[in-house]
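Asker: Before anything else, here's the structure in question.
Each reported figure results from applying straightforward, stated rules to the coordinates on display, with no laboratory input. Computed from a prediction, not measured in an experiment: that's the story for all the values here. Don't worry about glycine lacking a Cβ; one is built from the backbone with ideal geometry, like all the others, and counts go over all protein chains shown.
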Amino acid sequence: MAETRPYKKPLPRVDEESRGYWEALARHELYFQRCRDCGTARFYPRAVCPSCSSSATEWVRASGRGTVYTFTVTHQNQTPGFREELPYVLAMVELEEGPRLLTNLVGCAPGDVRIGMPVEVVFEDVMAEITLPKFRPA
Amino acid sequence: MNIWGRTAVVGAWEHPTRFAPHMTPFQIHAESARGALADAGLTIRDVDGFFTSGVGPIGLLSLCHHLDLRPAHVDSTSIGGSSFVSHCVHAAAAIAAGLCQVALVTYGSTAASERFAIGTAGTLVGEPPDQFEAPFGPTVVGSYAMVAQRHMHEYGTSSAHLAEIAVTMRRHAGLNPHAKYREPITVEDVLASRVISSPLHLLDCCVISDGGGALVLTSTERARDLAKPPVLILGGAEAVRHLGVGRHDLLDIAARQSGPLALARAGVRHDDIDCCMVYDSYTITVLVTLEALGFCKPGDGGAFCADGRIGLGGALPVNTDGGGLSSNHPGMRGIFLVIEAVRQLRGEAGPAQVADAKLALVHGTGGMLGQRHSGVTMILGRA
């Protein structure tokens with residue numbers, strides 16, 4: 001596939017358990033899973049519920065709103081793609097539905113990030129069929 | 001079957017190198033094995049149990065080839081830097097069960113001369129969880145930094161609290177002729193060092209060195225005839241923590257499970273412990289580990305570490321060799337925690353000796369504290 005720009009960061013390796021998640025992101029929709037038997041919400045997506053071992057799973061669309069659970073401003077990372085963008089904010093965002101995910105905060109100065117800060121999802125299309133969920137101040 | 005108190009560390013040797021571009025990692029393993037076996041008064045032909053990690057998926061076989069070992073029991077549990085503490089617990093169980101009689105644990109690495117940026121190399125997509133993390137640029141130091149940020153938020157812990165830990169480790173390193181950094185530092189030096197991943201500064205991070213070491217374990221019966229006084233394995237426990245389904249409390253670390261269990265298995269209490277060797281990949285690792293082990297209440301770790309208590313002469317000396325923060329860290333430091341505990345319990349720690357040390361607690365942390373990690377606690381005691 002011809003790329004219009006070199007994207008150097010690691011890409012997700014989409015697998016049979018995660019395909020639905022990444023396909024939804026490509027449509028700019030953020031989903032998590034909930035067990036149909038015990039009701040446990042889970043992130044990241046996987047085929048078998050870790051709480052009750054059920055395979056009955058539903059996909060739930062997240063509102064995209066959440067808060068910063070914790071974060072770090074990264075000043076050093078040797079990985080190509082990241083080393084050109086230092087400093088950047090690595091964060092765990094707690095979705096308002098409960099599950100937390102690792103992400104980047106964008107659209108704000110690293111020095112302004114605080115735990116508890118309200119954020120909302122933004123969709124970054126990085127490759128054909130690959131979109132990353134990032135968050136910005138809400 | 002009670003396995004505790006029935007086995008002992010009888011040989012311990014730390015490779016003195018901190019920078020060895022002229023050596024291979026396997027050479028460091030071999031020299032360390034030789035050192036630990038000589039310390040025990042044994043030879044490599046006595047070894048029938050072999051434990052190692054950090055050598056690749058089937059690297060244990062290559063290392064057996066290199067050392068010409070034909071063991072009857074092997075274990076290459078790889079759970080990060082704590083692996084070698086885990087090996088000691090597993091070796092104690094294996095010896096007590098009769099699976100082997102003389103267990104050798106070895107470690108060797110040339111991380112520094114290979115210029116391997118352990119904490120800031122970033123991560124690649126390997127196992128399933130990685131695809132939800134690696135695209136966002138996590139690093140090892142960043143994982144610990146997110147725990148530090150959360151601790152600061154919940155309890156008001158400050159960068160100065162963390163800096164005190166680095167200052168104490170450096171003071172201990174000043175007593176260790178092999179330590180990589182020995183010049184004293186101050187809290188101000190730590191706070192003035194550049195930020196690597198907020199809130200952690202350069203001097204909150206362990207050094208990167210070459211190095212290695214080895215341990216020899218056997219039954220207490222066999223230990224009676226050997227060269228050095230045995231150091232008994234009185235209790236041990238392992239635990240794993242991870243983000244699970246996405247609701248994990250980042251401050252609920254593995255030590256909270258493994259610590260109380262190891263102490264209970266040894267039949268001892270916190271007040272009985274004379275010194276602690278705690279994995280200090282970063283200053284925050286020490287603070288949250290001491291809290292989780294139960295030496296102080298959750299949230300009190302900053303004050304606990306800042307008033308001299310964890311320094312030599314304090315109530316609970318920690319990492320009397322200078323730890324990973326100042327002495328050595330070739331990537332997986334667990335073996336050095338055990339070696340320093342053995343030195344203390346034998347009275348071989350020189351100017352860093354804790355007077356009349358009878359009981360030591362060792363706790364290894366492996367992996368990424370904020371994503372998934374292991375914790376292994378072991379209680380060692382004088383016979």
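Asker: Quote the charge dipole size of chain B about the Cα centre in Debye, to the nearest 20; the model charges only the Cβ of Lys and Arg (+1) and of Asp and Glu (-1).
Answerer: Here chain B has a charge dipole of around 380 debye.
Asker: If you don't mind, another one. Grab the DSSP H runs of chain A that are 4 residues or longer, score each as -39,500 (n - 2.57), total them, divide by all residues and round the 222 nm result to the nearest 500 deg cm²/dmol.
Answerer: Calculated at 222 nm, the ellipticity per residue is -1500 deg cm²/dmol.
Asker: Rounded to whole Å and sorted largest first, list the principal axis extents of the Cα atoms in region B:162-248.
Answerer: Dimensions of region B:162-248 along the principal axes of its Cα atoms: 53, 46, 23 Å.
Asker: How would you rank B:Tyr282, A:Tyr7, going from fewest to most other Cβ atoms within 10 Å of each one's own Cβ?
Answerer: A:Tyr7, B:Tyr282
Asker: Which value, in debye to the nearest 20, describes the size of the charge dipole of the protein assembly as shown about its Cα centre when Lys and Arg Cβ atoms bear +1, Asp and Glu Cβ atoms bear -1, and nothing else is charged?
Answerer: About 380 debye.
Asker: Extension gain B:Arg34-B:Lys297, at 0.36 nm per residue separation less the Cα-Cα distance, in nm?
Answerer: Extending this stretch completely gives an extra 90.4 nm.
Asker: For A:Arg36 and B:Asp307, what does the FRET efficiency come to when R0 = 35 Å and r is the distance between their Cβ atoms, rounded to the nearest 0.05?
Answerer: 0.05
Asker: In whole Å, largest first, what are the principal axis extents of the Cα atoms in the protein assembly as shown?
Answerer: Principal axes ranked by extent give 71, 49, 46 Å for the Cα atoms.
Asker: What is the pair-distance distribution P(r) of chain A, computed from all Cα-Cα distances in 10 Å bins starting at 0, with each bin given as a whole percent?
Answerer: 11, 37, 36, 14, 2
Asker: Just tell me which lysines come within less than 29 Å, Cα to Cα, of A:Lys134; anything on the same chain fewer than 8 places away is out.
Answerer: A:Lys8, A:Lys9
Asker: Give the value in nm², to one decimal: projected area of the alpha carbon convex hull of region B:130-200, averaged over all directions. Write down the numbers at each step before the final one.
Answerer: Values: hull surface 24.8 nm².
For region B:130-200, the mean projected area of the Cα convex hull comes to 6.2 nm².
Asker: Could you calculate the FRET efficiency of A:Met127 with B:Arg115 from 1/(1 + (r/R0)^6), where r is the beta carbon distance between them and R0 is 22 Å, rounded to 0.05?
Answerer: That pair, A:Met127 with B:Arg115, gives E of 0.10.
Asker: Separate question: Where both residues lie in the protein assembly as shown, what percent of DSSP beta bridges are antiparallel, nearest 5? Can you show the working numbers first?
Answerer: On the way: 73 of 87 bridges.
Of the beta bridges lying entirely in the protein assembly as shown, close to 85 percent run antiparallel.
Asker: Taking the Cα centre of region A:48-138 as origin, sum charge times position over the Cβ atoms of Lys and Arg (+1) and Asp and Glu (-1), and report the length of that vector in debye to the nearest 20.
Answerer: Values: 7 positive and 11 negative charges, 44 e Å.
The calculation lands at about 220 debye.
Asker: Using Cα centres only, tell me the gap between region B:332-376 and region B:122-159 in whole Å.
Answerer: With region B:332-376 and region B:122-159 each reduced to a Cα centre, they are spaced 25 Å.
Asker: Taking the Cα atoms of chain B, report the difference between the largest and smallest coordinate on each principal axis, in whole Å and largest first.
Answerer: Dimensions of chain B along the principal axes of its Cα atoms: 53, 45, 41 Å.
Asker: Moving on. Count the DSSP beta bridges whose two residues both fall in region A:69-137, then state the antiparallel fraction as a percent rounded to the nearest 5.
Answerer: 95
Asker: List every residue whose amide H lies under 5 Å from the amide H of A:Glu124, counting only residues 5 or more places away in sequence or on a different chain, with H placed 1.01 Å from N in the peptide plane.
Answerer: Close amide H contacts, sequence-distant or interchain: A:Leu132, A:Lys134.
Asker: As I understand it, the dipole of chain B uses +1 on the Cβ of Lys and Arg and -1 on the Cβ of Asp and Glu, about the Cα centre. Which of B:Phe50, B:Pro229, B:Ile253 lies farthest toward its positive end?
Answerer: It is B:Pro229, whose Cα lies furthest towards the positive end.
Asker: For region A:78-135, would you read off the P(r) tail past 15 Å as a percentage of all alpha carbon pairs?
Answerer: When every Cα pair of region A:78-135 is considered, 55 percent fall beyond 15 Å.
Asker: Would you calculate the convex hull of the Cα atoms in region B:305-377 and tell me its volume per residue in Å³? It would help to have the intermediate numbers written out before the result.
Answerer: Values: hull volume 7.5 nm³, N = 73.
Cα-based convex hull of region B:305-377, divided per residue, equals 102 Å³.
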